[in-house]
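Here is the structure we will look at, set down as structure tokens.
The values are calculated or read from the model by the stated rules, or taken from the named source; none is laboratory data. Keep in mind that this is a model prediction, so the values were computed, not measured. Glycine gets a Cβ as well: all are built from the backbone with ideal geometry, and neighbour counts include every protein chain shown. Heavy atoms of the whole protein, side chains included, go into the accessibility calculation; ligands, DNA and RNA do not. Shrake-Rupley method; radii C 1.70, N 1.55, O 1.52, S 1.80 Å.
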Amino acid sequence: MTLRAILTGTGSALPRTRVSNAELADRVDTSDEWIVERTGIRFRHIAEPDETTATLGAAAAKEALAAAGLEAADIGLIIVATATPDNTFPASATKVQALIGAPDCIAFDVAAVCSGFLYAVSVADSMLRTGAARHALVIGSETFSRILDWEDRTTCVLFGDGAGAVVLSAKHVDDDQGILATRLHAEGKYGDMLYVDGGPSTTGTVGHVRMQGREVFRHAVTNLASVLGEVMTEIGLSPDQIDWIVPHQANKRIIDATAKKLGLPAERVVLTVDQHANTSAASVPLALDLAMRDGRIKRGDLVVLEAMGGGFTWGAAVLRV
Ligand code: ACO
């Protein structure tokens with residue numbers, strides 16, 4: 001028997017307001033055609049003032065708990081991956097803890113931008129397997145709309161708000177169920193290719209997203225294909241044995257190019273970027289929840305998660321659900 005972190009539930013939450021490309025084109029110099037052709041994005045959800053990273057994260061967490069058949073009191077670890085916390089501190093994880101009514105447990109945030117959820121899953125996996133908790137809530141939640149420069153058409157059309165959550169439970173298994181491998185990377189020398197031009201310790205402001213799109217695109221395809229290869233090699237399987245890949249939903253062209261590099265057909269790729277745009281740390285758990293709920297991903301499937309984001313940071317995880 002092996003002690004593993006098993007996926008026992010998923011959930012998600014989206015802000016009430018959905019904005020189409022055409023609606024965006026009323027306020028920014030852009031067009032539906034340009035956005036669809038370059039990114040595959042058609043809609044994004046934008047948070048209203050009463051919707052925050054913590055409230056969206058808590059809503060997703062409640063769904064994931066219900067799917068796992070657990071109560072908030074069962075949770076021993078809460079990790080929120082976010083680059084857009086409600087406050088500089090306390091951590092959004094502690095806010096989620098209070099909102100869902102979870103008693104004293106371990107709760108903290110992880111900051112790795114779009115790959116934050118992969119980082120959080122990897123940390124939770126390690127903590128569950130060393131006995132720090134029996135059940136963990138791992139949440140990716142973002143309100144990127146709050147840090148977008150709505151005058152900058154090269155970035156503001158790309159992002160959306162939302163949250164996704166999973167429950168991971170430590171369990172002794174005698175098969176290959178659960179998280180089988182995770183791999184994380186960071187290369188800080190590329191920090192100025194995708195960053196926010198503000199922060200508490202520099203400008204004292206929140207700042208706005210700045211990006212060199214072409215460079216990000218180039219690095220994303222190379223790094224994602226490479227890290228996917230690493231996790232598959234680690235478990236001794238080849239990419240053609242993957243049932244589903246749930247990629248970070250930044251851009252359909254990045255997703256297509258990465259899948260092509262690995263020889264994976266489009267039918268095995270979960271795609272939500274058209275409906276959600278890039279929700280940063282929320283994008284992978286949001287897409288995972290959608291594909292679990294609509295029955296595409298079934299128990300027993302081999303699923304690979306991957307993401308890349310500012311830093312640069314990137315990572316992948318492979319699990320048998
Ligand atoms: N609407 C209309 N025109 C636009 C827009 C817009 N929203 N944005 C830029 N343009 C124009 C530019 O001004 C430029 O015009 P010009 O030729 O007259 O100068 C033209 O479109 C082409 O601009 P490029 O930046 O060269 O366009 P490109 O084909 O590189 O596409 C994009 C830009 C979509 C940002 C692409 O580079 C990309 O997807 N990069 C990856 C970025 C990404 O996904 N970041 C998310 C965070 S990182 C991550 O999650 C992996």
Q. How far apart, in nm, are two points set 7 Å out from the Cα along the Cα-to-Cβ line at K260 and at V28?
A. 2.5
Q.
Suppose each label sits 7 Å from its Cα in the direction of the beta carbon; what would the E151-F43 distance come out to in nanometres?
A. 3.1
**Q.** In Å, descending, principal axis extents of the Cα set of the stretch 244-321
**A.** 34, 25, 22
(Q) Using only DSSP helix segments of four residues or longer, with each worth -39500 (n - 2.57), what per-residue ellipticity at 222 nm results for the chain after dividing by its residue count and rounding to 500? (A) -10000 deg cm²/dmol
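Rolling a 1.4 angstrom probe over the protein heavy atoms, how many square angstrom per residue are accessible across the chain?
41
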Q.
Could you report the accessible area of W34 in Å², rounded to 10, computed with a 1.4 Å probe on the protein chains as they sit in the structure?
A. 110
Q: Show which lysines lie in cross-link reach of K171 when reach means a straight Cα distance below 21 angstrom and same-chain residues fewer than eight apart are skipped.
A: K298
**Q.** Rounded to 5, the percent of DSSP beta bridges in the chain classed as antiparallel
**A.** 75
(Q) Run the reach check for K189 against aspartates and glutamates, Cα to Cα strictly under 14 Å, same-chain hits fewer than 8 apart removed. What comes back? (A) E215
Q) Rounded to a whole number, what % of the accessible area of the chain do carbon and sulfur atoms account for, probe 1.4 Å? A) 52
Q. Which percent of Cα pairs goes in each bin when the distances of the chain are cut into 10 angstrom slices starting at zero?
A. 6, 29, 37, 22, 5, 0
Q) Share of antiparallel DSSP beta bridges in the stretch 2-173, in percent to the nearest 5? A) 70
**Q.** Residues of type aspartates and glutamates that K62 reaches as a straight line, Cα spacing below 19 Å, ignoring anything fewer than 8 places off in the same chain
**A.** D50, E51, E71, D74, D86, D104, D109, E142, D161, D289, D294
Q. Short version: ³J(HN,Hα) in whole Hz for each residue of the stretch 197-203, in order, from phi by Karplus 6.51 cos²θ - 1.76 cosθ + 1.60 (θ = phi - 60°), x for Gly and Pro, what are they?
A. 7, x, x, x, 8, 10, 8
Q) Tell me, what is the FRET efficiency for T222 and N87 to the nearest 0.05, using R0 = 35 angstrom and their Cβ-Cβ distance as r? A) 0.45
Q: Could you work out how far the C-alpha centroid of the stretch 254-321 sits from that of the stretch 127-157, in angstrom?
A: 15
Q: Hey, can you grab everything whose amide H is under 5 Å from the amide H of G207? Only 5+ residues off in sequence or another chain; H modelled, so Pro and N-termini drop out.
A: none
(Q) Whole angstrom only: what separates the Cα centroid of the stretch 187-212 from the Cα centroid of the stretch 54-80? (A) 31
(Q) Amide H of G162 versus every other amide H placed in the peptide plane: which residues, excluding those fewer than 5 positions away on the same chain, fall under 5 Å? (A) E142, F144
